[in-house]
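**Q** The structure's right below; bear with me while I get my questions together.
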Amino acid sequence: MMQAKPRIAIAGFQHETNCFGTTKAGLAEFEMADSWPAMLHGDAVVAGTRGMNLPVAGFAKAAEQAGLELVPILWCAAEPSAHVTDAAFETVCAKILDGLRAAGPLDGIFLELHGAMVTEGHPDGEGELLRRVRAWAGPELPIVVSLDLHANISAASVELADYIAIYRTYPHLDMAETGARCVPVLQHLLAGVRLHKAFRQMNCLIPLHAQYTSATPARELYAALPPLEQAGVQADIALGFTAADFPDTRPSCVAYARTDAAAAQAADRIAALFAELEPHFSHPMLTPQQAAEIACQPRAGMPVVLADVQDNPGAGGTSDTTGLLAALAQADAQGVLMGLFHDPATAAAAHEAGQGGILSTALGGRSGAEGDQPFEAEFKVLALGDGRCRYSGEMYGGGVAELGPAAALRLHGTGADITLVVTSIRNQCLDLAHFTHIGLDPARFQTVCVKSTAHFRADFEPIASAVYPVAAPGVFPCDLGAFPYKNLHPDVRTIPAKG
């Protein structure tokens, strides 16, 4: 029987899995702080995320305003990487289930998940977690879920959850908003309203750099959702994460309505629009040499931004590849700022050398990607920091990045003028604060290079004269033909990235 004040359990377990990555996510990776907070338990789930652009924060705020009683259990996330280890998955799942069992009478559950988790033992990590939660909860207890825009959604997940909400922006500026959208739907479910579901999967894979929602064709695709809402249908689209190699790796859509016919009609409309727009998802990338040519063109005013899209740690990249750096150095490019390079040994050497010191090092280049190798050079240490970086941009504003001991270095003894930031903990370079926290102003450089695929656009586009994706070697190919897929559905085809 529902309590006078509905009691809603909340938990989060996020990982985006690059099945072609180099290192796995163990329990320590979920416990540590990196671009997101460390593992949170109990009341800290709400207190430790309050005000942040995270689904759990948006859900908690909206739920409190709606008069729901929150029963926070656990929240954790690990930087994207190769598979989640079985030990980590089992441990976190057990913590969530134990928390549910200890929570007392519940009226509903909210889960913040990603949708592209692949574990050593479960290709559909979220589906397996939902299976366990539903087995405990029974068929009647409402379960609502938030997922990432890059989710690879399985039919099992749709069946097990009563409602799924998905981010609608890339960069993900609406994560908190997505969590908040779950609250009124949950209230309807608590009131006995039944939602009919429809689910459609598309038969193609979209390169991640082409999923940017402020440009054609993703912009037009997502513009179809508000009219459906006005017609009483809750619908969402997932564009998929191309590196999570399993049969449900693909874009999809979900729709919820008061009747089967209305839900099915909405899902069919989205699928038809997707088919119409599919040819336009083929977006070009520059070679490192072409990018260097652009960087060497004289200009005044705002910098050009070059995105090293295939070494994005936010997609499981190592954040240490050197292909773009080598091309810029070879071209004697001037006024270049680059980041973030994940190289703990070089960061430690810089701290040992001290500010103003000169160090000789073999930077990065340990990804194992074909064509990648360490960049051997001398660098001057411009600045040092502890790596505690408070975000200033819209996407992660209110949060703090933990970069570990960090250093700003300038290439020394060559004709090139290149400054870069080296960190001890992998973080996607998506916020101007990744540079300004160590005393570097990106707007004062001619060229800014970021290891990111699209999230950087929210904070860097306003200071950029132009933005170019660059296809340097990395373990997250946006050229999908370079992935050695083994487990895709046989009907799924890849959309090429034009050169």
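**Q** How do the peptides 409-416, 58-65, 223-230, 290-297 rank, highest first, by the average count of neighbouring beta carbon atoms within 10 Å per residue?
**A** 58-65, 290-297, 409-416, 223-230
**Q** Let me ask something else. Which peptide among 329-335, 178-184 comes first, and what is the full order, when sorted by highest mean count of other Cβ atoms within 10 Å?
**A** Averaged packing, sorted descending, gives the order 178-184, 329-335.
**Q** Quick check on my link table: of K95/K486; K24/K451; K61/K451; K24/K61, which ones sit more than 26 Å apart, alpha carbon to alpha carbon?
**A** Pairs exceeding the cut-off: K95/K486; K61/K451; K24/K61.
**Q** Oh, and also: Return the FRET efficiency for the residue pair T287, T23: r is the Cβ-Cβ distance, R0 is 25 Å, and the value is rounded to the nearest 0.05.
**A** Using R0 = 25 Å, I get an efficiency of 0.35.
**Q** Angle check, please: helix 125-137 long axis (alpha carbons) against the longest principal axis of the chain (alpha carbons), in degrees 0 to 90, nearest 10.
**A** Around 30 degrees separate the two axes.
**Q** Which whole-Hz couplings ³J(HN,Hα) result when phi for each residue of the range 322-328 is put into the Karplus expression 6.51 cos²θ - 1.76 cosθ + 1.60, θ = phi - 60°, listed in order with x for Gly and Pro?
**A** 10, x, 5, 4, 4, 5, 5
**Q** Under a plain spin-label model, where a point goes 7 Å from the Cα along Cα-to-Cβ, how far apart in nm are A38 and H280?
**A** Distance between the two pseudo-spin positions: 4.7 nm.
**Q** Expressed in nm to one decimal, what extension gain is obtained for the pair H196 and A102 from 0.36 nm per residue of sequence separation less their Cα-Cα distance?
**A** Stretched out fully, the H196 to A102 stretch lengthens by 30.7 nm.
**Q** Another question about this same structure. Projected onto the charge dipole of the chain (+1 at Lys/Arg Cβ, -1 at Asp/Glu Cβ, origin at the Cα centre), which of G323, A383, T119 gives the Cα projection farthest towards the positive end?
**A** Checked the options; the winner is T119.
**Q** Measure nothing fancy, just the Cα-based angle from helix 86-102's long axis to the longest principal axis of the chain, in degrees from 0 to 90, nearest 10.
**A** Its long axis makes an angle of about 40 degrees.
**Q** If Lys and Arg each add +1 and Asp and Glu each add -1, what is the summed charge of the other residues whose beta carbon sits under 13 Å from the beta carbon of A315?
**A** -3
**Q** Report, for the range 7-281, the % of DSSP beta bridges that are antiparallel, rounded to 5.
**A** The antiparallel proportion sits near 35 percent.
**Q** What net charge do the residues around A329 carry, taking every other residue with its C-beta under 13 Å from that of A329, with Lys and Arg at +1 and Asp and Glu at -1?
**A** -3
**Q** If you don't mind, another one. Would you give the gap between the C-alpha center of the range 379-398 and the C-alpha center of the range 139-164, rounded to a whole Å?
**A** If we compute the Cα centre of each part, the gap is 35 Å.
**Q** Applying 1/(1 + (r/R0)^6) with R0 = 56 Å to the Cβ-Cβ distance of N203 and Q355, what FRET efficiency is obtained, to the nearest 0.05?
**A** E between N203 and Q355, to the nearest 0.05, is 0.55.
**Q** Mind checking the angle between helix 55-65 and the chain's longest principal axis? C-alpha axes, 0 to 90 degrees, to the nearest 10.
**A** Between the helix axis and the principal axis of the chain, the angle is about 50 degrees.
**Q** Can you give the helix-only mean residue ellipticity at 222 nm for the chain, where every DSSP H stretch with n ≥ 4 adds -39500 (n - 2.57) and the sum goes over all residues, rounded to the nearest 500 deg cm²/dmol?
**A** Using -39500 (n - 2.57) per qualifying helix, the result is -7500 deg cm²/dmol.
**Q** Can you run phi through the Karplus equation (6.51, -1.76, 1.60; θ = phi - 60°) for the range 385-397 and list ³J(HN,Hα) in whole Hz, with x for Gly and Pro?
**A** Residue by residue, the range 385-397 yields x, 8, x, 8, 10, 7, 4, 10, x, 5, 5, 10, x Hz.
**Q** Considering only C-alpha atoms, what is the centroid distance from the range 244-292 to the range 296-356, in Å?
**A** About 32 Å separates the Cα centre of the range 244-292 from the one of the range 296-356.
**Q** So what is the relative contact order of the chain, in percent, for Cα pairs below 8 Å that sit 6 or more residues apart?
**A** After rounding, I find 17 percent.
**Q** Next question, about the same structure. If you average the alpha carbon positions of the range 98-135 and of the range 419-468, how far apart do those two centres end up, in angstrom?
**A** 35
**Q** Same structure, new question: Quickly work out the M302-to-A345 label distance, labels modelled 7 Å from Cα along the C-beta direction, and quote it in nm with one decimal.
**A** About 4.0 nm separates the two model spin labels.
**Q** Related question: Net charge within 12 Å of A28 by Cβ-Cβ distance, Lys/Arg positive one each and Asp/Glu negative one each, not counting A28 itself?
**A** With Lys, Arg at +1 and Asp, Glu at -1, the neighbours total -3.
**Q** Under the 0.36 nm per residue contour assumption, what length would be gained going from the current alpha-carbon distance of R50 and Q65 to full extension?
**A** Full-extension gain reported as 4.0 nm.
All of the numbers you see were taken from the coordinates with simple rules; none came from a lab. No experiment lies behind these values; they were computed from the predicted model shown. Positions of Cβ are backbone-derived with ideal geometry, glycine not excepted, and every protein chain shown enters the neighbour counts.
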